[in-house]
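Below is one structure, written out as structure tokens; the observations come after it.
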Protein chains: 2
Amino acid sequence: MATGRTHRPATRSRGIPEATVARLPLYLRALTALSERSVPTVSSEELAAAAGVNSAKLRKDFSYLGSYGTRGVGYDVEYLVYQISRELGLTQDWPVVIVGIGNLGAALANYGGFASRGFRVAALIDADPAMAGKPVAGIPVQHSDELESIIQDNGVSIGVIATPAGAAQPVCDRLVAAGVTSILNFAPTVLTVPDGVDVRKVDLSIELQILAFHEQRKAGEEATAQTSAPAPAAARRDSATDQGPDGDVPAVMPA
Amino acid sequence: MATGRTHRPATRSRGIPEATVARLPLYLRALTALSERSVPTVSSEELAAAAGVNSAKLRKDFSYLGSYGTRGVGYDVEYLVYQISRELGLTQDWPVVIVGIGNLGAALANYGGFASRGFRVAALIDADPAMAGKPVAGIPVQHSDELESIIQDNGVSIGVIATPAGAAQPVCDRLVAAGVTSILNFAPTVLTVPDGVDVRKVDLSIELQILAFHEQRKAGEEATAQTSAPAPAAARRDSATDQGPDGDVPAVMPA
DNA sequence: ATGTCTTTGTGAACGCGTGCACAAAGATTG
DNA sequence: CAATCTTTGTGCACGCGTTCACAAAGACAT
């Protein structure tokens, strides 16, 4: 994923491998689609194809949740939807705050699929006083000053950071201090958090750069090197090496 | 991650492990920041801390690129910026098209860090005729009809899909047919592509669900199970299990 | 009830990624 | 030039994740 995973040593909470947890939402999506078509059961083969994974992997993943299949038949779709939802904690309501209502923050706020999975946008928060009160996605934006009280009043434990890079760490610190223990970070920065707080990051720029790497490999398989590398010690600020700044991106997004 | 990674079996292109490739952009960002502060050299320890990784891992990563460090001193910042940029293919210009100019597409188009790393928004494409000609981020939106000609005229090899889920696969097919070989997918769907085409996905909903999983684990460590599981075969469409649809999200975003 | 057929659940092997710990390399000082 | 000190580069071991391949389990037909 995109998305990069975060440094989770080997927490393997209660025996469910992290890699499996990351795939459960994928299965859940495929199962929900089947459920809507009133399909009663699926085989591991069919479901795996729909989720884009190996069938053996899928069976092993499900085996961590328990034995929910019937040999010779497959899995009961409705039952599996329930079990996975429960395992992921989606049977309860998760109030979420979004901090940084720029282009991206607004896009996230408008995201319909948000609410459909147990997530509820409790508040939109921005540092710009001019934004305060302005409704985005039907929810009035509130000023950063109220961050702490919003978190505490609503019992928010999940925060989404969509601020510029420079503001991310301070915002993160305030969120954590106020009681948030899970953070989804869209800002192009490495966040430092105390133990017990989970951080996941979504970084557009990283994804694009990984694509570029493979693209370059695909394209230049024969023409090995065009330009030779410059000397290691000398000042080297020519041509393409000299890209713009990174720490202070103008817009509101991953860099 | 977010991003979730895609099914790349073990391609390990020319000896550089996939995991290392995924970290190179992280190092590059930290190095660029150092470069702006005119820091001449860094130790693996310092750089690793800035990038949020283990120093041994960082050294091993760099060893795949060659021996660019000096023992007793560290790494030459400028030189390393150049080497990583070159390795990632960032010394050349990558024209990119964004398809689906909803909230998210617009956010991506406005993203400044886009251009700073060798990526250039060649065109914005949307299926809505009402959008055609309207400028977003200074670039006029073009209609889907022109997708093929835009790709070919600009030599685009990287496409970003920010459409609703239902439109993603058809758009993907057209992109691939027109010559795109790398796709960054924001739509909540598993895309099917022919061999030789890379797909990476960024899925907000999946990231949130993973956070919810860990959050639930943190919260309910003592209170094991509140509600008992329903019977496997019976109709079960109660309470929280009954979430809304997923395949056809109203907004323009991951689900 | 018996046999056949389908599909699950999992044991075992393998490969990738990570982190430790240390030898080698070079800078630096006397 | 020799000794010391810093920091890289990497051999090695370990653990997680993936995949194969098959035995066990149940459905279904006769």
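All of A:Ala132, A:Ala127 fail the test of being farther than 29 Å from A:Tyr82 by Cα, in contact with a helix residue (DSSP H, G or I) (Cβ under 6 Å, 6 or more places away or on another chain) and open to solvent by 30 Å² or more (accessible area, probe 1.4 Å), apart from A:Ala127. All conditions but one from (1) open to solvent by 20 Å² or more (accessible area, probe 1.4 Å); (2) of a type outside the set (Gly, Ala, Ser); (3) over 30 Å from B:Gln169 (Cβ atoms) apply to B:Leu58; the one that does not is (1).
Residues are listed down the side, and each one gets a yes or a no for (1) closer than 23 Å to B:Tyr111 by Cα; (2) surrounded by 19 or more Cβ atoms within 10 Å (Cβ to Cβ); (3) within 7 Å of DNA strand D (Cβ to nearest atom); (4) basic (Lys, Arg):
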position	(1), (2), (3), (4)
B:Leu31	yes, yes, no, no
B:Arg37	no, no, no, yes
B:Ala51	yes, yes, no, no
B:Arg71	no, no, yes, yes
B:Gln83	no, yes, no, no
B:Gly89	yes, yes, no, no
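Here A:Ala162 passes the criteria (1) open to solvent by less than 10 Å² (accessible area, probe 1.4 Å); (2) more than 8 Å from chain B (Cβ to nearest Cβ); (3) farther than 30 Å from B:Pro95 by Cα except the one numbered (3).
Quick check on my filter: what residues within region B:117-158 are in contact (Cβ under 8 Å) with a residue 60 or more places away in the chain and not hydroxyl-bearing (Ser, Thr, Tyr)? Correct list: B:Gly155, B:Val156, B:Ile158. Taking the conditions (1) within 13 Å of DNA strand D (Cβ to nearest atom); (2) buried (at least 20 other Cβ atoms within 10 Å of the Cβ); (3) under 23 Å from the mean Cα position of the chain (by Cα); (4) modelled with pLDDT of 95 or more in turn, B:Arg5 satisfies each one other than (4).
Of all the listed residues (B:Leu191, B:Leu147, B:Leu104), the sole one being more than 7 Å from every other protein chain (Cβ to nearest Cβ) and buried (at least 22 other Cβ atoms within 10 Å of the Cβ) is B:Leu147.
Residues in region A:32-51 that are in a helix (DSSP H, G or I) and either more than 12 Å from every other protein chain (Cβ to nearest Cβ) or more than 12 Å from DNA strand C (Cβ to nearest atom) (or both): A:Thr32, A:Ala33, A:Leu34, A:Ser35, A:Glu36, A:Ser44, A:Glu45, A:Glu46, A:Ala50, A:Ala51. Only one of the listed residues (B:Tyr111, B:Tyr64) is closer than 30 Å to B:Ile161 by Cα, out of contact with any Lys or Arg (no Cβ under 7 Å at 6 or more places or on another chain) and of a type in the set (Phe, Trp, Tyr). That residue is B:Tyr111. The set of residues in region B:52-66 that are within 12 Å of DNA strand C (Cβ to nearest atom), of a type outside the set (Phe, Trp, Tyr) and assigned to a helix (DSSP H, G or I) comprises B:Ser55, B:Ala56, B:Lys57, B:Leu58, B:Arg59, B:Lys60, B:Asp61, B:Ser63.
Checking the stated criteria, B:Gly113 turns out not to satisfy the condition of being under 16 Å from the mean Cα position of the chain (by Cα), at the interface with chain A (Cβ under 8 Å from one of its Cβ atoms), more than 16 Å from DNA strand C (Cβ to nearest atom) and within 18 Å of A:Glu215 (Cβ to Cβ). For region B:107-119, the condition holds for no residue, the condition being that it is outside the structural domain of B:Ile151 (by TED's automatic domain parsing) and open to solvent by less than 20 Å² (accessible area, probe 1.4 Å).
Here A:Gly100 fulfils each of the conditions (1) on the phi < 0 side of the Ramachandran plot; (2) more than 16 Å from DNA strand C (Cβ to nearest atom) apart from (1). Could you check region B:53-67 and list, in sequence order, the residues that are within 6 Å of DNA strand D (Cβ to nearest atom) and closer than 14 Å to B:Leu24 by Cα? The answer is B:Arg59, B:Lys60, B:Phe62, B:Ser63. Looking across region B:170-182 at every residue that is in contact with an Asp or Glu (Cβ under 8 Å, 6 or more places away or on another chain) and outside any loop (DSSP other than H, G, I, E, B), the one that is farthest from B:Leu108 (Cα to Cα) is identified as B:Ala177. Of the residues A:Val77, A:Val156, which single one is buried (at least 17 other Cβ atoms within 10 Å of the Cβ), among the aliphatic types (A, V, I, L, M), in the same structural domain as A:Ile183 (by TED's automatic domain parsing) and modelled with pLDDT of 95 or more? Only one candidate qualifies: A:Val156.
With respect to being open to solvent by 10 Å² or more (accessible area, probe 1.4 Å), under 18 Å from A:Ser205 (Cβ atoms) and over 21 Å from the mean Cα position of the chain (by Cα), B:Ser43 falls outside the description.
Mind counting the residues in region B:165-188 that are open to solvent by 20 Å² or more (accessible area, probe 1.4 Å) and either of a type in the set (A, V, I, L, M) or in contact with a helix residue (DSSP H, G or I) (Cβ under 9 Å, 6 or more places away or on another chain) (or both)?
Residues in region B:165-188 being open to solvent by 20 Å² or more (accessible area, probe 1.4 Å) and either of a type in the set (A, V, I, L, M) or in contact with a helix residue (DSSP H, G or I) (Cβ under 9 Å, 6 or more places away or on another chain) (or both): 7 in total.
The values are calculated or read from the model by the stated rules, or taken from the named source; none is laboratory data. All values derive from a computational prediction rather than experimental measurement. Quick reminder, even Gly has a Cβ in these numbers, built from the backbone with ideal geometry, and neighbours come from all protein chains shown. Quick note on the areas: whole protein, heavy atoms, side chains included, nothing else; ligands and nucleic acids left out. Shrake-Rupley method; radii C 1.70, N 1.55, O 1.52, S 1.80 Å.
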